[in-house]
C-alpha cells in the first residue's frame, strides 16, 4: 500500500507495507554466513544428539548392531567381486576386489547422503513446527551420521588389506583430506536436493533413479582405461564430478604412488563450488520451507 502525506509526498521506506526486500549483496551473505556459524556452534550439542540417535535407531533390535558396518562391506565385496570380476576386470586390474571396495564404499556414503539429505527437512516436519532449530542442522546431522558409518566401513576395509594381498602405504596419509573433500561435496549437493524436495516432492523419487544412472557412468566396477570403451573416449569421464573423488580413493588404496595432484585440485574446486552453490540455494529458500511442510 502506497501511503502518502497530505502534501502528496511519499513517506520513507520504513512506512511501506510490505517493506521493500533487503538487497542480498556480498556483505549480506558474509553476515549470514557468520550468523550461521555462530548458530551451528550454539546448537552443536543438538547435532551430536541427532547423529547418535540416528545411529542407535538404525541398529536397534539388531543382534549384531554396529557390526553390520563391518559385515556389509564384506558381503558386498564377496557378491560383486564374484559376479562382476569376469566381466569387467579381464586382467586389467591386479587386485579387483580391492579396486571394487575402494570405489563402492565412498559411493555408498555419497548415495546415502543424497538420498537421506533429500528427506531431511520433510522427515523433521514436526520438530521444525514445534521449536526453533537452524534448518542447516538437519542435512548436517544426516551427513555426519553417514560419515560415521563410512568411517566404520573403512575400518573394515583396512582389516581386509592383508587378506586381499595389499599393504598400507604412505599415500593413505591423504585419506582424511580426500574424505573431507568428498563430505563437503556431498553436503553441498544434499543442501540442493533437500531444498528441491521440500518444494517438489517428486524430486525424492527422481534422485534415486538419477543416482542409479550416475553409478554406472562412474568408474567403480571398471577402470577408466578399460577395453570396454573405445580408445580415446576416457576424457568423457572428466565431465562426471564423482569421477575425481572415486579415482582419488583408487589412487590411495590401489596405486603404488601418491594421489594425483590434478585430481586433488579438481576435487577441491568441486567441493568448494558444491558447498557454495548448495548453501546459497538453501538459504535463499529457507524461510519459505515451513509453508511447504
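The values are calculated or read from the model by the stated rules, or taken from the named source; none is laboratory data. Only a predicted model underlies this, so the values are computations on that prediction, with no experimental measurement involved. Counting neighbours? That spans all protein chains shown, and the Cβs are built from the backbone with ideal geometry, glycine included.
For segment 167-197, which residues satisfy the criterion of being without any contact (Cβ under 8 Å) to a residue 12 or more places away in the chain and not in a helix (DSSP H, G or I)?
If the condition is that a residue be without any contact (Cβ under 8 Å) to a residue 12 or more places away in the chain and not in a helix (DSSP H, G or I), then 167, 168 are the ones that fit.
Can you name the condition, by its number, that residue 151 falls short on among (1) surrounded by 15 or more Cβ atoms within 10 Å (Cβ to Cβ); (2) at pLDDT 85 or above?
Tallying (1) surrounded by 15 or more Cβ atoms within 10 Å (Cβ to Cβ); (2) at pLDDT 85 or above, residue 151 fails exactly one: (1).
Sort out which residues of segment 231-274 are at pLDDT 95 or above and over 24 Å from residue 171 (Cα atoms), and write them in order of number.
273, 274
A quick yes/no check of all residues on (1) farther than 19 Å from residue 43 by Cβ; (2) surrounded by fewer than 20 Cβ atoms within 10 Å (Cβ to Cβ); (3) modelled with pLDDT of 90 or more:
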{"position": "90", "(1), (2), (3)": "yes, yes, no"}
{"position": "120", "(1), (2), (3)": "no, no, yes"}
{"position": "128", "(1), (2), (3)": "no, yes, no"}
{"position": "136", "(1), (2), (3)": "no, no, yes"}
{"position": "159", "(1), (2), (3)": "yes, yes, no"}
{"position": "175", "(1), (2), (3)": "yes, yes, yes"}
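Could you check, for segment 256-265, whether at least one of its residues is buried (at least 21 other Cβ atoms within 10 Å of the Cβ) and in a helix (DSSP H, G or I)?
no
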